[in-house]
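Below you'll find the structure, written out as structure tokens, and then a few comments.
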Amino acid sequence: MRTLVTGGAGYIGSHLVDRLVGLDHEVIVLDDLSTGNLANLQAVRADIRFVEGTILDTEVVGALVADADIVFHLAAAVGVGHIIEKPLGSLIINTKGAGQVIEACVKHDRKLLLASTSEIYGRTTKMPMSEDDDRVLGSTTIARWGYSTAKAIDEHLALAYAEHGLRMSIIRYFNSYGPRLDPRGYGSVVANLLRQAIANEPLTVHGDGLQTRCFTYIDDTVEGTLRAGLDPRGEGRVFNIGNDHETSINDLADTIIALTGSTSSVRLVSYEERFGRGFEDTKRRIPDVRRARDVLGFSAGVSLHDGLQRTLQWWRATHQ
Ligand code: UDP
């Protein structure tokens with residue numbers, strides 16, 4: 001099978017590429033190396049075709065999609081920090097760029113796996129979050145919600161084209177973490193706190209640290225992605241891909257300090273200090289995992305403790 005992975009040099013994309021190569025797929029990667037990194041593909045570099053380019057390039061996207069049997073679309077501007085710093089560029093990539101990939105799949109009749117996000121649900125208080133739930137967002141003057149909105153447009157587009165024959169499935173990631181997380185790239189809380197703990201610097205916890213997330217180890221994230229993309233039972237559907245174990249950011253910080261043996265303490269940083277005025281956070285985020293389990297037979301099995309330990313091992317092996 002010939003498989004195109006957009007964003008294949010990124011944190012999740014590169015792990016997906018590793019698995020696909022292991023499954024004997026002929027893999028083509030399209031990545032603009034904005035937050036991705038060629039070093040992520042080191043182990044499989046000789047087995048894949050790598051194209052440095054952007055999903056905004058209509059010709060490149062058209063040619064690569066035409067050449068593939070299936071497209072895993074993971075290229076996106078990701079990470080709350082990025083979205084807030086570069087709202088315009090992020091919106092353009094996540095709507096126009098994604099639209100081109102979706103439309104090329106329609107034109108060439110290729111199957112599409114659309115990677116979306118749990119940010120879709122916004123700040124809803126209904127837990128757990130089920131795929132068909134209402135979305136609850138703040139004002140358009142709050143840049144954060146542009147990410148959710150852009151990804152929702154992509155989902156709407158894919159769902160609407162599905163009615164006209166597009167073979168596709170959509171997945172919503174819940175806070176993935178693991179090896180290759182880059183504090184300078186994606187900037188997630190796990191990457192930041194791990195880097196700070198290892199450097200024995202204060203761990204910057206935003207707000208009161210009581211906000212929660214469900215952290216999902218990369219092997220689980222990739223397994224869910226593969227199943228949703230390759231299993232015909234997933235076609236036409238939306239799936240939450242995540243672990244449903246809820247952890248507060250304070251508990252995450254304590255666990256990371258204990259695991260690393262760090263002398264760091266926690267420093268609470270106000271949202272205003274970190275993001276400026278008018279920032280809104282999501283207080284809790286828990287996936288309803290039933291659909292992915294019942295339809296795809298997928299459930300995330302790696303505990304936070306084990307996943308962090310594996311991530312730490314990788315960090316120590318690569319950052320010495
Ligand atoms: N966060 C934090 N310290 C950091 C980075 C993030 O306390 O150095 C918080 C952030 O404000 C949010 C949570 O950790 O409440 C998860 O943030 P992340 O950016 O990883 O993902 P999100 O779920 O917000 O997309």
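How big, in percent, is the set of alpha carbon pairs in the range 73-163 lying more than 16 Å apart?
54
Using modelled backbone amide H atoms (1.01 Å from N, in-plane), which distant-in-sequence or interchain residues come within less than 5 Å of GLY10's amide H?
Residues meeting the amide H criterion: ASN37.
To the nearest 20 debye, what is the magnitude of the charge dipole of the range 96-242 about its Cα centre, counting +1 on the Cβ of each Lys and Arg and -1 on the Cβ of each Asp and Glu?
260
How much net charge surrounds CYS105 when only other residues with a Cβ under 15 Å from its Cβ are counted (Lys, Arg +1; Asp, Glu -1)?
With Lys, Arg at +1 and Asp, Glu at -1, the net is -3.
Working out 0.36 nm times the residue gap between ARG290 and THR247, then minus their Cα-Cα distance, what length gain in nm do you get to one decimal?
13.5 nm
Report, in degrees rounded to the nearest 10, the 0 to 90 angle that the Cα long axis of helix 145-162 makes with the longest principal axis of the chain.
So the inclination is approximately 30 degrees.
Among ARG180, ARG19, ARG233, which one shows the highest mean-square fluctuation when the chain is modelled as a Gaussian network with alpha-carbon springs under 10 Å?
ARG233
Rank-order 163-173, 271-281 by packing density, defined as the average count of other C-beta atoms within 10 Å over each peptide's residues, highest first.
Ranked from most to least packed, the peptides come out as 163-173, 271-281.
Determine the gain in length on full extension of the stretch TRP314-ASP57; use 0.36 nm per residue of separation and subtract their C-alpha separation, reporting nm with one decimal.
My answer for the length gained is 89.1 nm.
Viscosity 0.692 mPa s, temperature 37 °C: Stokes-Einstein D of the range 1-77 from its Kirkwood Cα radius, in µm² per second?
277
Can you divide the C-alpha Rg of the chain by 2.2 N^0.38 Å and report the result to two decimal places?
After normalising by residue count via 2.2 N^0.38 Å, the value is 0.95.
With the other protein chains left in place, how much accessible area per residue, in square angstrom, belongs to the range 200-320 at a 1.4 angstrom probe?
On a per-residue basis, 47 Å².
Taking the Cα atoms only, what angle lies between the long axis of helix 249-260 and the longest principal axis of the chain, rounded to 10 degrees?
80
To the nearest 10 degrees, how steeply does helix 189-198 sit against the main Cα axis of the chain, on a 0 to 90 scale?
The two axes meet at around 50 degrees.
The values are calculated or read from the model by the stated rules, or taken from the named source; none is laboratory data. Remember, predicted model here, so these are calculated numbers, not experimental data. Here the Cβ is made from the backbone with ideal geometry for all residues, glycine too, and neighbour counts use every protein chain on show. Please note that ligands, DNA and RNA were not included when accessible areas were found on the heavy atoms of the full protein model with its side chains. Shrake-Rupley method; radii C 1.70, N 1.55, O 1.52, S 1.80 Å.
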